[in-house]
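Below is one structure; the comments refer to it alone.
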Amino acid sequence: MAEPSSTIGNSLRKWRQNSGFSQLELALAANVSARHISFIETGKTHPTREMVIQLAEAMGLTIEQLNSLLIAAGYATERATAPPPIEPVQQLATRIIEAFSHHPAIVVNYEFDILAVNRGYRLLDTLTCGALTKFSNLFELSAAPDGIQQYIANWPEIKEFAIERLRENTYSTNNPQLNRLLSEVTAFQPPDEPVSHPDQVTIPPLYMNVHLQLDDQIVRFYGVMLTPGTPLDNNPHNLRVFVIVPVDPEAEQNWHNMTRHLVNDDADHHH
């Protein structure tokens with residue numbers, strides 16, 4: 001195990017600062033000395049497993065965040081006590097995407113693996129010649145050259161938005177699968193593409209613009225990620241709904257015309 005004290009020190013400092021604690025404030029909340037916290041962060045001492053849990057509880061970290069600290073310290077992770085069954089949560093998320101049946105929507109987990117899709121998503125898959133069904137992960141689907149990006153007219157904007165979101169999730173949890181996914185997604189970025197786009201720094205955080213080039217025309221959508229519950233809920237399953245909806249009546253009509261054509265084709269094939 002290479003330099004565990006340094007690893008846990010960096011992780012503790014990151015979570016302390018993200019949680020808005022000074023070393024003294026965390027020391028008071030956790031009933032330890034500020035000197036001890038300073039020694040942990042600088043790698044002069046290695047905390048016990050119990051101390052890591054004590055500090056995480058004082059900062060109000062979730063079970064996933066606690067586990068990232070435990071991994072950094074070289075300890076076994078904790079399991080959430082009596083987590084609610086996933087079935088009702090997944091049923092709720094699936095019902096939500098079914099309610100958006102005319103617009104593409106999916107259910108993803110915390111690693112952005114696609115768990116369920118709706119009718120609108122299947123229609124979009126047909127329009128993109130099966131590009132969507134090649135991948136079982138939302139970010140891999142978005143970033144791979146043979147995925148959905150070839151149909152996204154504003155790909156540089158989507159790419160930057162997606163990578164930043166994935167980077168935020170990866171750094172905040174130290175999740176091994178998200179770390180792997182971030183490496184894969186950024187590897188798809190051609191070296192000659194600019195890394196940042198200053199004219200796009202005002203992208204609203206609650207949604208992103210998705211411009212799909214379909215049937216020789218561009219249809220503009222809003223892309224939104226929805227999480228069942230409130231921001232303060234600790235949802236142990238971390239299921240999310242991603243849906244894209246046309247931005248205005250004209251875009252809605254264009255989308256309707258495309259999908260109506262597909263539905264009619266399907267009906268003809270079944271006769």
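Only the coordinates and a few stated rules stand behind these numbers; no lab work does. Quick caveat, the model's predicted, so the values are computed rather than measured.
General observations
- Whole-percent P(r), the range 29-138, all Cα pairs, 10 Å bins from 0: 12, 28, 19, 18, 15, 7, 0.
- Cα convex hull of the range 98-142, projected area averaged across orientations, nm²: 2.9
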